[in-house]
Amino acid sequence: MIQESKARSYELVGQSARLRNVLRLAAKLGRGHWPVLLLGETGTGKELVARTIHRNGPGGPFVTIDCSSMVGTLMESELFGHVKGAFTGANANKIGLIEQANGGTAFFDEIGELPLDLQAKLLRVLQEKEFRPVGSLQVRKSSFRVIAATNRDLAKEVEKGRFRQDLYYRLNVVTLRLSPLRDRKEDLPALIRHFLEIYGNGHTVSGELLGLMMSYDWPGNVRELENCIQHMVAVNSGPVLHLQDAPSQLLHYHERRRAPQGLVQAAAAAAAPNGDEPEESFVTPVLPLAEMERRAIINALRYTKGDRVMAAHLLGIGRTTLYRKLKEYGIRD
Ligand SMILES: Nc1ncnc2c1ncn2[C@@H]1O[C@H](COP(=O)(O)OP(=O)(O)O)[C@@H](O)[C@H]1O
Ligand SMILES: [Mg+2]
(Lines give C-alpha, C1' and ligand atoms only; values in the text may rest on other atoms or scores of the structure.)
(Ligands and ions follow the chains in the order given, each with its own letter.)
Protein backbone atom coordinates (compact mmCIF):
# COMPACT_ATOMS: atom_id res chain seq x y z
CA MET A 1 0.00 0.00 0.00
CA ILE A 2 2.92 2.31 -0.59
CA GLN A 3 1.92 5.76 -1.77
CA GLU A 4 -1.55 4.59 -2.56
CA SER A 5 -2.77 7.94 -3.84
CA LYS A 6 0.03 8.40 -6.32
CA ALA A 7 -0.21 4.74 -7.35
CA ARG A 8 -3.86 5.09 -8.21
CA SER A 9 -3.33 6.82 -11.49
CA TYR A 10 -5.70 5.04 -13.80
CA GLU A 11 -3.72 5.91 -16.86
CA LEU A 12 -2.98 3.18 -19.41
CA VAL A 13 0.68 3.55 -20.26
CA GLY A 14 2.44 2.22 -23.34
CA GLN A 15 2.90 3.00 -26.98
CA SER A 16 2.74 -0.39 -28.68
CA ALA A 17 0.27 -0.72 -31.52
CA ARG A 18 -1.63 -3.26 -29.42
CA LEU A 19 -2.04 -0.91 -26.49
CA ARG A 20 -2.98 2.03 -28.70
CA ASN A 21 -5.63 -0.17 -30.25
CA VAL A 22 -6.98 -1.03 -26.80
CA LEU A 23 -7.11 2.67 -25.91
CA ARG A 24 -8.96 3.47 -29.11
CA LEU A 25 -11.49 0.71 -28.48
CA ALA A 26 -11.90 1.69 -24.83
CA ALA A 27 -12.80 5.22 -25.91
CA LYS A 28 -15.28 3.91 -28.41
CA LEU A 29 -16.82 1.32 -26.11
CA GLY A 30 -17.21 3.89 -23.35
CA ARG A 31 -19.76 5.72 -25.44
CA GLY A 32 -21.86 2.60 -25.99
CA HIS A 33 -23.67 0.48 -23.49
CA TRP A 34 -22.70 -3.01 -24.63
CA PRO A 35 -21.44 -5.61 -22.22
CA VAL A 36 -17.70 -5.99 -22.66
CA LEU A 37 -15.73 -9.14 -21.97
CA LEU A 38 -12.03 -8.57 -21.26
CA LEU A 39 -9.72 -11.53 -21.82
CA GLY A 40 -6.08 -11.79 -20.94
CA GLU A 41 -3.55 -13.30 -18.58
CA THR A 42 -3.45 -12.07 -15.03
CA GLY A 43 -1.75 -8.71 -14.65
CA THR A 44 -2.27 -7.56 -18.22
CA GLY A 45 -4.39 -4.59 -17.15
CA LYS A 46 -7.95 -5.86 -17.48
CA GLU A 47 -9.23 -3.89 -14.52
CA LEU A 48 -7.45 -0.77 -15.69
CA VAL A 49 -9.05 -1.13 -19.12
CA ALA A 50 -12.45 -1.62 -17.49
CA ARG A 51 -11.97 1.64 -15.60
CA THR A 52 -10.88 3.37 -18.78
CA ILE A 53 -14.02 2.21 -20.58
CA HIS A 54 -16.10 3.42 -17.65
CA ARG A 55 -14.33 6.76 -17.57
CA ASN A 56 -15.17 7.27 -21.24
CA GLY A 57 -18.83 6.74 -20.49
CA PRO A 58 -21.59 8.75 -18.83
CA GLY A 59 -20.27 8.25 -15.30
CA GLY A 60 -21.90 6.89 -12.17
CA PRO A 61 -20.19 4.52 -9.75
CA PHE A 62 -17.60 1.92 -10.77
CA VAL A 63 -18.06 -1.17 -8.62
CA THR A 64 -15.61 -4.05 -8.73
CA ILE A 65 -17.09 -7.44 -7.95
CA ASP A 66 -14.31 -9.93 -7.33
CA CYS A 67 -15.90 -13.22 -8.28
CA SER A 68 -12.88 -15.24 -7.16
CA SER A 69 -13.50 -14.24 -3.56
CA MET A 70 -17.16 -15.20 -3.69
CA VAL A 71 -17.37 -18.33 -1.61
CA GLY A 72 -19.82 -19.65 0.91
CA THR A 73 -23.19 -18.30 1.86
CA LEU A 74 -22.04 -14.76 2.45
CA MET A 75 -21.46 -14.14 -1.23
CA GLU A 76 -25.09 -13.92 -2.07
CA SER A 77 -25.50 -11.20 0.49
CA GLU A 78 -22.35 -9.51 -0.85
CA LEU A 79 -23.91 -9.40 -4.29
CA PHE A 80 -27.54 -8.72 -3.53
CA GLY A 81 -27.50 -7.37 0.00
CA HIS A 82 -29.70 -8.59 2.83
CA VAL A 83 -32.37 -7.37 5.17
CA LYS A 84 -31.99 -7.12 8.89
CA GLY A 85 -32.50 -10.49 10.53
CA ALA A 86 -32.07 -12.49 7.31
CA PHE A 87 -29.47 -14.66 9.06
CA THR A 88 -27.48 -14.71 12.27
CA GLY A 89 -25.32 -11.64 12.33
CA ALA A 90 -27.45 -9.65 9.89
CA ASN A 91 -28.01 -6.81 12.34
CA ALA A 92 -28.96 -4.22 9.77
CA ASN A 93 -30.06 -3.93 6.18
CA LYS A 94 -27.18 -4.14 3.80
CA ILE A 95 -26.95 -2.87 0.25
CA GLY A 96 -25.24 -5.34 -2.07
CA LEU A 97 -22.73 -4.63 -4.81
CA ILE A 98 -25.34 -5.05 -7.54
CA GLU A 99 -27.35 -2.21 -6.08
CA GLN A 100 -24.29 -0.06 -5.49
CA ALA A 101 -23.55 -0.26 -9.21
CA ASN A 102 -26.92 1.24 -10.12
CA GLY A 103 -26.45 3.96 -12.71
CA GLY A 104 -22.81 3.07 -13.29
CA THR A 105 -20.62 0.09 -14.15
CA ALA A 106 -20.37 -3.30 -12.48
CA PHE A 107 -17.00 -4.87 -13.17
CA PHE A 108 -17.12 -8.64 -12.66
CA ASP A 109 -13.51 -9.56 -12.16
CA GLU A 110 -12.50 -13.21 -12.68
CA ILE A 111 -16.04 -14.02 -13.80
CA GLY A 112 -14.89 -17.55 -14.66
CA GLU A 113 -14.64 -18.30 -10.94
CA LEU A 114 -18.29 -17.52 -10.19
CA PRO A 115 -20.06 -20.64 -8.85
CA LEU A 116 -22.85 -22.02 -11.02
CA ASP A 117 -25.68 -21.14 -8.64
CA LEU A 118 -24.62 -17.50 -8.58
CA GLN A 119 -24.24 -17.53 -12.36
CA ALA A 120 -27.94 -18.33 -12.57
CA LYS A 121 -28.80 -15.48 -10.24
CA LEU A 122 -26.55 -13.07 -12.07
CA LEU A 123 -28.14 -14.00 -15.37
CA ARG A 124 -31.48 -13.10 -13.94
CA VAL A 125 -30.22 -9.70 -12.84
CA LEU A 126 -28.82 -9.04 -16.29
CA GLN A 127 -32.03 -10.09 -18.02
CA GLU A 128 -34.64 -8.59 -15.73
CA LYS A 129 -32.55 -5.87 -14.12
CA GLU A 130 -34.04 -6.94 -10.82
CA PHE A 131 -32.98 -8.97 -7.82
CA ARG A 132 -34.00 -9.82 -4.30
CA PRO A 133 -31.82 -9.12 -1.26
CA VAL A 134 -31.32 -12.15 0.99
CA GLY A 135 -34.25 -12.51 3.33
CA SER A 136 -36.35 -9.98 1.48
CA LEU A 137 -39.66 -10.61 -0.25
CA GLN A 138 -39.35 -7.46 -2.26
CA VAL A 139 -37.79 -7.24 -5.65
CA ARG A 140 -35.40 -4.34 -6.19
CA LYS A 141 -34.11 -2.80 -9.37
CA SER A 142 -30.61 -1.96 -10.49
CA SER A 143 -29.45 -0.94 -13.90
CA PHE A 144 -25.78 -0.87 -14.75
CA ARG A 145 -23.27 -1.42 -17.43
CA VAL A 146 -21.56 -4.83 -17.38
CA ILE A 147 -17.87 -5.37 -17.91
CA ALA A 148 -16.49 -8.81 -17.10
CA ALA A 149 -12.94 -10.10 -17.09
CA THR A 150 -11.32 -13.50 -16.97
CA ASN A 151 -8.00 -15.17 -17.59
CA ARG A 152 -9.78 -18.40 -18.45
CA ASP A 153 -10.97 -19.62 -21.80
CA LEU A 154 -14.66 -19.16 -21.12
CA ALA A 155 -15.78 -21.01 -24.24
CA LYS A 156 -13.93 -24.05 -22.93
CA GLU A 157 -15.47 -23.61 -19.50
CA VAL A 158 -18.87 -23.65 -21.20
CA GLU A 159 -17.96 -26.86 -23.02
CA LYS A 160 -16.95 -28.47 -19.76
CA GLY A 161 -20.21 -27.43 -18.14
CA ARG A 162 -18.53 -25.12 -15.64
CA PHE A 163 -19.93 -21.94 -17.08
CA ARG A 164 -23.49 -21.32 -18.19
CA GLN A 165 -23.80 -20.89 -21.91
CA ASP A 166 -26.64 -18.37 -21.66
CA LEU A 167 -24.60 -16.19 -19.34
CA TYR A 168 -21.61 -16.52 -21.62
CA TYR A 169 -23.62 -15.27 -24.60
CA ARG A 170 -24.95 -12.44 -22.51
CA LEU A 171 -21.47 -11.26 -21.51
CA ASN A 172 -19.64 -12.02 -24.71
CA VAL A 173 -21.07 -9.23 -26.85
CA VAL A 174 -17.88 -7.28 -27.37
CA THR A 175 -14.60 -9.00 -26.56
CA LEU A 176 -11.32 -7.26 -25.96
CA ARG A 177 -8.21 -9.38 -25.67
CA LEU A 178 -5.23 -7.92 -23.83
CA SER A 179 -1.82 -9.14 -24.96
CA PRO A 180 0.71 -10.43 -22.49
CA LEU A 181 3.55 -8.03 -21.82
CA ARG A 182 6.08 -10.34 -23.53
CA ASP A 183 4.25 -9.75 -26.82
CA ARG A 184 4.46 -5.97 -26.53
CA LYS A 185 7.83 -5.28 -25.05
CA GLU A 186 7.81 -1.88 -26.71
CA ASP A 187 5.61 -0.85 -23.78
CA LEU A 188 8.29 -1.72 -21.22
CA PRO A 189 10.36 1.48 -21.26
CA ALA A 190 7.32 3.70 -20.76
CA LEU A 191 5.92 1.39 -18.09
CA ILE A 192 9.21 1.31 -16.22
CA ARG A 193 9.38 5.10 -16.30
CA HIS A 194 5.75 5.27 -15.17
CA PHE A 195 6.26 3.03 -12.15
CA LEU A 196 9.54 4.72 -11.24
CA GLU A 197 7.64 8.00 -11.16
CA ILE A 198 5.02 6.50 -8.88
CA TYR A 199 7.20 4.51 -6.49
CA GLY A 200 10.66 5.91 -6.98
CA ASN A 201 12.40 8.86 -5.54
CA GLY A 202 14.33 10.01 -8.54
CA HIS A 203 15.43 6.43 -9.15
CA THR A 204 16.68 5.33 -12.53
CA VAL A 205 17.64 1.95 -13.96
CA SER A 206 21.15 0.98 -15.05
CA GLY A 207 21.66 -0.06 -18.65
CA GLU A 208 22.50 -3.60 -17.61
CA LEU A 209 19.35 -3.94 -15.53
CA LEU A 210 17.25 -2.42 -18.27
CA GLY A 211 18.68 -4.95 -20.72
CA LEU A 212 17.72 -7.77 -18.40
CA MET A 213 14.23 -6.36 -17.91
CA MET A 214 13.77 -6.04 -21.65
CA SER A 215 14.63 -9.67 -22.29
CA TYR A 216 12.73 -11.17 -19.35
CA ASP A 217 9.31 -12.61 -20.22
CA TRP A 218 7.22 -11.20 -17.34
CA PRO A 219 4.88 -14.15 -16.79
CA GLY A 220 3.00 -12.01 -14.23
CA ASN A 221 2.77 -9.23 -16.81
CA VAL A 222 2.41 -5.58 -15.76
CA ARG A 223 1.58 -6.52 -12.17
CA GLU A 224 4.87 -8.38 -11.89
CA LEU A 225 6.70 -5.40 -13.36
CA GLU A 226 5.01 -3.06 -10.91
CA ASN A 227 5.91 -5.31 -7.96
CA CYS A 228 9.44 -5.63 -9.26
CA ILE A 229 9.92 -1.87 -9.30
CA GLN A 230 8.36 -1.47 -5.86
CA HIS A 231 10.74 -4.13 -4.58
CA MET A 232 13.81 -2.54 -6.12
CA VAL A 233 12.96 0.94 -4.89
CA ALA A 234 12.38 -0.48 -1.42
CA VAL A 235 15.71 -2.27 -1.17
CA ASN A 236 17.81 0.41 -2.83
CA SER A 237 18.15 3.96 -1.69
CA GLY A 238 19.15 4.89 -5.20
CA PRO A 239 19.48 6.80 -7.31
CA VAL A 240 20.50 4.11 -9.79
CA LEU A 241 18.99 0.63 -9.59
CA HIS A 242 21.38 -2.12 -10.56
CA LEU A 243 21.09 -5.74 -11.50
CA GLN A 244 21.75 -6.89 -7.95
CA ASP A 245 18.68 -4.97 -6.74
CA ALA A 246 16.40 -7.08 -8.93
CA PRO A 247 13.98 -9.50 -7.28
CA SER A 248 14.91 -13.17 -7.23
CA GLN A 249 12.91 -14.30 -10.25
CA LEU A 250 14.82 -11.85 -12.45
CA LEU A 251 18.15 -12.82 -10.96
CA HIS A 252 17.41 -16.50 -11.51
CA TYR A 253 16.50 -15.75 -15.05
CA HIS A 254 19.73 -13.82 -15.41
CA GLU A 255 21.74 -16.76 -14.05
CA ARG A 256 20.01 -19.27 -16.30
CA ARG A 257 20.57 -17.10 -19.27
CA ARG A 258 24.24 -16.78 -18.52
CA ALA A 259 24.89 -20.40 -17.68
CA PRO A 260 24.72 -22.34 -20.98
CA GLN A 261 27.63 -20.80 -22.85
CA GLY A 262 30.08 -18.73 -20.88
CA LEU A 263 30.10 -16.60 -23.99
CA VAL A 264 26.83 -14.93 -23.28
CA GLN A 265 28.60 -12.34 -21.17
CA ALA A 266 28.45 -10.55 -24.47
CA ALA A 267 24.82 -9.92 -23.77
CA ALA A 268 25.61 -8.39 -20.41
CA ALA A 269 28.54 -6.52 -21.89
CA ALA A 270 26.15 -5.21 -24.50
CA ALA A 271 24.31 -3.24 -21.88
CA ALA A 272 27.15 -2.54 -19.47
CA PRO A 273 29.06 0.71 -19.47
CA ASN A 274 32.35 0.68 -21.30
CA GLY A 275 34.93 3.23 -22.14
CA ASP A 276 33.48 4.36 -25.44
CA GLU A 277 30.03 5.34 -24.33
CA PRO A 278 29.26 8.34 -22.20
CA GLU A 279 28.66 7.06 -18.68
CA GLU A 280 25.59 9.18 -17.97
CA SER A 281 23.69 7.65 -20.84
CA PHE A 282 23.45 4.48 -18.75
CA VAL A 283 21.68 6.13 -15.90
CA THR A 284 18.90 7.56 -17.98
CA PRO A 285 15.86 5.52 -17.02
CA VAL A 286 15.07 4.59 -20.55
CA LEU A 287 17.04 3.94 -23.69
CA PRO A 288 15.15 3.85 -26.95
CA LEU A 289 14.93 0.25 -28.11
CA ALA A 290 16.73 1.00 -31.33
CA GLU A 291 19.61 2.48 -29.36
CA MET A 292 19.79 -0.57 -27.10
CA GLU A 293 19.81 -2.77 -30.13
CA ARG A 294 22.54 -0.75 -31.79
CA ARG A 295 24.70 -0.95 -28.67
CA ALA A 296 24.07 -4.66 -28.27
CA ILE A 297 25.24 -5.26 -31.83
CA ILE A 298 28.35 -3.12 -31.45
CA ASN A 299 29.27 -4.89 -28.22
CA ALA A 300 28.67 -8.33 -29.67
CA LEU A 301 30.92 -7.51 -32.61
CA ARG A 302 33.58 -6.16 -30.28
CA TYR A 303 33.36 -9.28 -28.18
CA THR A 304 33.67 -11.60 -31.15
CA LYS A 305 36.38 -9.42 -32.66
CA GLY A 306 34.25 -8.78 -35.70
CA ASP A 307 33.08 -12.35 -36.25
CA ARG A 308 29.60 -11.69 -37.59
CA VAL A 309 28.43 -15.30 -37.58
CA MET A 310 29.32 -15.66 -33.92
CA ALA A 311 27.89 -12.21 -33.12
CA ALA A 312 24.59 -13.13 -34.75
CA HIS A 313 24.58 -16.38 -32.79
CA LEU A 314 25.19 -14.60 -29.49
CA LEU A 315 22.54 -12.03 -30.25
CA GLY A 316 20.09 -14.79 -31.03
CA ILE A 317 19.30 -13.53 -34.51
CA GLY A 318 19.93 -14.85 -38.00
CA ARG A 319 22.94 -13.79 -40.00
CA THR A 320 20.85 -12.00 -42.63
CA THR A 321 19.01 -10.11 -39.91
CA LEU A 322 22.33 -9.00 -38.49
CA TYR A 323 23.51 -7.81 -41.90
CA ARG A 324 20.30 -5.88 -42.38
CA LYS A 325 20.64 -4.22 -39.00
CA LEU A 326 24.29 -3.38 -39.58
CA LYS A 327 23.21 -1.53 -42.67
CA GLU A 328 20.26 0.06 -40.93
CA TYR A 329 22.40 1.43 -38.12
CA GLY A 330 25.33 2.21 -40.36
CA ILE A 331 27.68 0.03 -38.31
CA ARG A 332 30.95 -0.83 -40.03
CA ASP A 333 33.74 -3.05 -38.74
N1 LIG B 1 -0.86 -0.26 -19.50
C2 LIG B 1 -0.72 -0.04 -18.18
N3 LIG B 1 -0.29 1.16 -17.75
C4 LIG B 1 -0.12 1.40 -16.43
N5 LIG B 1 -0.37 0.51 -15.46
C6 LIG B 1 -0.82 -0.71 -15.83
C7 LIG B 1 -1.03 -1.04 -17.21
N8 LIG B 1 -1.49 -2.31 -17.27
C9 LIG B 1 -1.57 -2.76 -16.00
N10 LIG B 1 -1.18 -1.80 -15.12
C11 LIG B 1 -1.10 -1.93 -13.66
O12 LIG B 1 -0.71 -3.27 -13.38
C13 LIG B 1 -1.44 -3.81 -12.29
C14 LIG B 1 -2.24 -4.99 -12.77
O15 LIG B 1 -3.28 -4.56 -13.64
P16 LIG B 1 -4.77 -5.12 -13.54
O17 LIG B 1 -5.65 -4.22 -14.31
O18 LIG B 1 -5.14 -5.34 -12.11
O19 LIG B 1 -4.56 -6.51 -14.27
P20 LIG B 1 -5.55 -7.74 -14.41
O21 LIG B 1 -6.92 -7.25 -13.95
O22 LIG B 1 -5.50 -8.10 -15.85
O23 LIG B 1 -5.00 -8.82 -13.53
C24 LIG B 1 -2.33 -2.68 -11.79
O25 LIG B 1 -1.69 -2.03 -10.71
C26 LIG B 1 -2.45 -1.75 -12.96
O27 LIG B 1 -2.64 -0.43 -12.54
MG1 LIG C 1 -7.43 -8.32 -11.98
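The values are calculated or read from the model by the stated rules, or taken from the named source; none is laboratory data. Only a predicted model underlies this, so the values are computations on that prediction, with no experimental measurement involved. Note that we place each Cβ from the backbone using ideal geometry, even for glycine, and neighbour counts take in every protein chain shown. Areas reflect the complete protein model, heavy atoms only, side chains present, ligands, DNA and RNA absent. Shrake-Rupley method; radii C 1.70, N 1.55, O 1.52, S 1.80 Å.
Scanning segment 177-191 for residues that are surrounded by 15 or more Cβ atoms within 10 Å (Cβ to Cβ) and within 16 Å of ligand 2 (Cβ to nearest atom) returns L178, S179, P180, L181.
Would you check if there is a residue in segment 59-70 being touching a Ser or Thr at 6+ places or on another chain (Cβ under 6 Å) and within 16 Å of ligand 2 (Cβ to nearest atom)?
Yes - at least one qualifying residue is present in segment 59-70.
May I ask you to list the residues in segment 161-192 that are of a type in the set (A, V, I, L, M), closer than 24 Å to T204 by Cβ and under 12 Å from the mean Cα position of the chain (by Cα)? Scanning segment 161-192 gives L181, L188, L191. Return yes or no: is I98 touching a residue at least 60 places away in the same chain (Cβ under 8 Å) and either within 16 Å of ligand 1 (Cβ to nearest atom) or under 24 Å from N56 (Cβ atoms) (or both)? In short, no. Across segment 109-167, which residue is surrounded by the most Cβ atoms within 10 Å (Cβ to Cβ) among those that are of a type in the set (S, T, Y) and away from ligand 2 (no atom under 16 Å from the Cβ)? Out of the qualifying residues, it is S142. Assessment of segment 60-70 against the conditions (assigned to a helix (DSSP H, G or I), open to solvent by less than 20 Å² (accessible area, probe 1.4 Å) and closer than 21 Å to L167 by Cβ) yields at least one matching residue. Highlighted here are the helices (runs of 4 or more DSSP H) found entirely within segment 256-333 that include at least 2 residues which are at pLDDT below 85 and open to solvent by less than 70 Å² (accessible area, probe 1.4 Å): 265-271, 289-303, 308-315.
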